[in-house]
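*Asks:* My questions all concern the structure below.
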Amino acid sequence: MRNLTDFQQKMADLLPELELRYNESMAKHTSFRIGGPAEVMAFPKTSAELAEVLKVSALLDCKTAILGAGTNILAPDEGLSSLVICLKDCLGGIESIDDTHIRVAAGVTMTRAAVFAANAGLSGLEFAHGIPGTVGGGVYMNAGAYGGEICQVCTQVEVMDMSGNLRTYTGEEMNFSYRHSRLEDEGGIVVSAVFELKPKPTEVIRAVMQDLMARRSASQPLDLPSAGSAFKRPVGGYAAALIDNAGLKGHRIGNAAVSEKHAGFVVNLGGATAEDVKNLLTDVSDRVFRESGIRLEPEVRIW
Ligand SMILES: Cc1cc2nc3c(=O)[nH]c(=O)nc-3n(C[C@H](O)[C@H](O)[C@H](O)COP(=O)(O)OP(=O)(O)OC[C@H]3O[C@@H](n4cnc5c(N)ncnc54)[C@H](O)[C@@H]3O)c2cc1C
């Protein structure tokens, strides 16, 4: 980062309590367990702290990236000469607004949000229970599973722009589509989201969550580092089926491999590099295209 010393000085003046880490390994913060050091990582605990960090970063023209739980990111081997703002477990808090609405801060995991809703006898977030990311990351990319999607329950999102200003979007204004929201086009940071849920007995909700978790464990390689589905679902097919039909289960480049258990997952067999994963994604996409005429696009965000 060009202005590291200025950044440190300003942060020490404005937010002496803010946790900053230098040369922090991205591998420690991504579910792939891949990625070199981020030059500076900041852990703001409130939206006011986040706003201050963003203002300083904008003032000094620092390159800035937002990290949730790192479960959909491939971070570069050479590291990042930028400021990474980590929100998981930092922007916290869940509250009931009324009988059917809850507000969840961006750094809360989707699993925690789903459990809170279940305990409150509110249905609608069962699908999110096994998704390992944060609510911020889930809203940003409209996460979904087993027929459920964030866009089905999200009615309001508080978003901070990169200068630290807050505004609120309705669910409709978020322009959600398959694994996409307006924030991917325009930038902006999810600070919190409101979910509209339906009353249902807690035991019924828990039974659905347990069933979905059992289906995940049975079909996904949860024992190996990955970023979930490596490719988006293409029009006219399923990525996993196309990869399987192309005979690519177990296909390996370096220490990255197509999972034997679920062809839609790329897994780190131990010591895989970002380069291994990128080469594997390209190779799989090319081979599937030759076989089926369908081009697979990565779902994992390549930084
Ligand atoms: C085992 C496994 C299973 C998975 N299963 C599913 C699944 O069933 N369905 C599914 O949709 N996904 C699944 N995923 C992928 C991943 O969990 C989701 O995409 C999740 O929403 C990512 O959230 P995150 O907090 O980890 O975001 P990160 O990976 O940290 O970030 C992903 C992107 O979101 C941005 N971002 C993160 N937080 C914010 C924020 N507060 N504001 C603005 N932008 C932000 C980042 O800048 C980045 O571009 C799975 C992953 C794994 C490892």
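*Asks:* Whether any residue in segment 258-272 is in contact with a helix residue (DSSP H, G or I) (Cβ under 9 Å, 6 or more places away or on another chain), under 22 Å from Val135 (Cβ atoms) and assigned to a loop (DSSP other than H, G, I, E, B) is what I want to check.
*Replies:* no
*Asks:* Mind listing just one residue for me: the one in segment 289-303 that is surrounded by fewer than 17 Cβ atoms within 10 Å (Cβ to Cβ) and in contact with a strand residue (DSSP E or B) (Cβ under 7 Å, 6 or more places away or on another chain) and, of those, nearest to Val235 (Cα to Cα)?
*Replies:* Narrowing segment 289-303 to residues surrounded by fewer than 17 Cβ atoms within 10 Å (Cβ to Cβ): 289-291, 293-295, 297, 301-302.
Within this subset, residues satisfying the condition of being in contact with a strand residue (DSSP E or B) (Cβ under 7 Å, 6 or more places away or on another chain) are 297, 301-302.
Details: Glu297: 11, Arg301: 20, Ile302: 22 Å.
Out of the qualifying residues, it is Glu297.
*Asks:* Being aliphatic (A, V, I, L, M), more than 10 Å from the ligand (Cβ to nearest atom) and in contact with a Leu (Cβ under 7 Å, 6 or more places away or on another chain) is the requirement here; does Ala214 meet it? Break it down stepwise before answering.
*Replies:* Numbers: aliphatic (A, V, I, L, M): yes; more than 10 Å from the ligand (Cβ to nearest atom): yes; in contact with a Leu (Cβ under 7 Å, 6 or more places away or on another chain): no.
No: the conditions fail for Ala214.
*Asks:* Same structure, new question: Identify, please: which residue in segment 170-225 is of a type in the set (S, T, N, Q) and surrounded by 17 or more Cβ atoms within 10 Å (Cβ to Cβ) and is, among those, farthest from Gly138 (Cα to Cα)?
*Replies:* As a first pass, look at segment 170-225 and keep what is of a type in the set (S, T, N, Q): 170, 175, 177, 181, 192, 202, 210, 217, 219-220.
Restricting the remaining residues to those that are surrounded by 17 or more Cβ atoms within 10 Å (Cβ to Cβ) gives 181, 192, 220.
Working: Ser181: 10, Ser192: 11, Gln220: 19 Å.
Top of the filtered list is Gln220.
*Asks:* Additional query: When segment 229-271 is examined, which residues are found to be among the acidic types (Asp, Glu) and within 17 Å of Glu291 (Cα to Cα)? Steps first, answer last, please.
*Replies:* Here is the first cut: in segment 229-271, the ones among the acidic types (Asp, Glu) are 244, 260.
Within segment 229-271, just Asp244 meets the criteria.
*Asks:* Next question, about the same structure. Of everything in segment 1-49, what is part of a helix (DSSP H, G or I), within 18 Å of the chain's Cα centre (by Cα) and crowded, with 16+ Cβ neighbours inside 10 Å? Give them in sequence order.
*Replies:* Taking segment 1-49 first, the residues part of a helix (DSSP H, G or I) are 4-14, 26-29, 47-49.
Retained after the next criterion (residues that are within 18 Å of the chain's Cα centre (by Cα)): 26-29.
Listed by number, the residues that qualify are Met26, Ala27, His29.
*Asks:* Looking only at segment 65-109, count how many residues are within 10 Å of the ligand (Cβ to nearest atom) and either of a type in the set (Lys, Arg) or not in a loop (DSSP other than H, G, I, E, B) (or both).
*Replies:* 11
*Asks:* Of (1) touching a Ser or Thr at 6+ places or on another chain (Cβ under 9 Å); (2) under 28 Å from Ala257 (Cα atoms); (3) outside the structural domain of Gly136 (by TED's automatic domain parsing), Thr64 satisfies all except one. Which?
*Replies:* Result: Thr64 fails condition (2) only.
*Asks:* Which of (1) under 16 Å from Pro221 (Cβ atoms); (2) of a type in the set (A, V, I, L, M, F, W, C); (3) in contact (Cβ under 8 Å) with a residue 40 or more places away in the chain does Ala263 not meet, given it meets every other one?
*Replies:* In the conditions (1) under 16 Å from Pro221 (Cβ atoms); (2) of a type in the set (A, V, I, L, M, F, W, C); (3) in contact (Cβ under 8 Å) with a residue 40 or more places away in the chain, Ala263 misses (3) alone.
*Asks:* Say we look at segment 65-91 and pick out the residues that are among the acidic types (Asp, Glu) and over 11 Å from Pro44 (Cα atoms); which of these is surrounded by the fewest Cβ atoms within 10 Å (Cβ to Cβ)? Step through it out loud before you land on a result.
*Replies:* Here is the first cut: in segment 65-91, the residues among the acidic types (Asp, Glu) are 77-78, 89.
Filter once more, keeping what is over 11 Å from Pro44 (Cα atoms): 77-78.
Details: Asp77: 17, Glu78: 11.
Result: Glu78.
*Asks:* Is it the case that segment 199-218 has a residue that's at positive phi, touching a residue at least 12 places away in the same chain (Cβ under 8 Å) and not hydroxyl-bearing (Ser, Thr, Tyr)? Spell out the reasoning first.
*Replies:* Of all residues in segment 199-218, those at positive phi come to none.
The answer is no, given that none of the residues of segment 199-218 is at positive phi, touching a residue at least 12 places away in the same chain (Cβ under 8 Å) and not hydroxyl-bearing (Ser, Thr, Tyr).
*Asks:* Given (1) of a type outside the set (A, V, I, L, M); (2) surrounded by fewer than 16 Cβ atoms within 10 Å (Cβ to Cβ); (3) out of contact with any Leu (no Cβ under 7 Å at 6 or more places or on another chain), where does Ser163 come up short, assuming only one miss?
*Replies:* Among (1) of a type outside the set (A, V, I, L, M); (2) surrounded by fewer than 16 Cβ atoms within 10 Å (Cβ to Cβ); (3) out of contact with any Leu (no Cβ under 7 Å at 6 or more places or on another chain), Ser163 violates only (3).
The values are calculated or read from the model by the stated rules, or taken from the named source; none is laboratory data. Keep in mind that this is a model prediction, so the values were computed, not measured. Cβ sites come from the backbone with ideal geometry, for glycine too, and all protein chains shown count toward neighbours.
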